[in-house]
Amino acid sequence: RNFEDCYENIELPKINLTDQELVDMSYDFYCWLPKKSYQKYFCTFTNPRNHLLRFVSGSIHDSYGLTQVFYYPSYQPYFSVCRENTIADFTTLNHEIAHGIFCKHGTYNLLNNQHYYLMELEGSFFDFLSGMYLKGKVDDSIIKEIDYYRFITEYNDICEFYLIDYAVYLTLR
């Protein structure tokens, strides 16, 4: 409640990466991670022959990306990444692929358990890891802006979670 938002936002610089160059950059990130099975999933999810990943201009439902998972007749994630042509595209791709990996590992399945409110946890963790990976590769001010955006997003998500939880609690009383 004592949080004061006094950070001066910067505009992330534009980068001219093709969709394939963005995938290649994220591939390097997944190779950098210690758990090598994530790299295998990344390759499967981003293989153009599998038609699981699409890049779009603009946003989808006010978000930078979307992972849609189908569990029937078998598990299949589909990913959309909204291109802004900034380094945020890199973090968004890593975030969305993380959802697919953790669903595939059975960390949660919305049809079989109650983990709905934990669904952004792995994406947020991969946002953090993406920032760690970028240190020394991009200017520190860009890392700071990405970290700030991640913090504000998490802050808003937590507030929304508690507001929704409390509204449901009041409704069910």
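The values are calculated or read from the model by the stated rules, or taken from the named source; none is laboratory data. Just so it is clear, the model here is predicted, and its values are computed rather than measured. Glycine gets a Cβ as well: all are built from the backbone with ideal geometry, and neighbour counts include every protein chain shown. Heavy atoms of the whole protein, side chains included, go into the accessibility calculation; ligands, DNA and RNA do not. Shrake-Rupley method; radii C 1.70, N 1.55, O 1.52, S 1.80 Å.
Things to note:
- Residue match in the stretch 55-64 (condition: at pLDDT below 90, buried (at least 16 other Cβ atoms within 10 Å of the Cβ) and either part of a helix (DSSP H, G or I) or at negative phi (or both)): yes
- Boolean, Tyr78 is within 14 Å of the chain's Cα centre (by Cα), open to solvent by 70 Å² or more (accessible area, probe 1.4 Å) and modelled with pLDDT of 85 or more: yes
- Annotation note: of Leu111, Leu129, Leu93, Leu163, the sole residue that is outside any loop (DSSP other than H, G, I, E, B), hydrophobic (A, V, I, L, M, F, W, C) and either modelled with pLDDT under 90 or touching a Pro at 6+ places or on another chain (Cβ under 7 Å) (or both) is Leu163.
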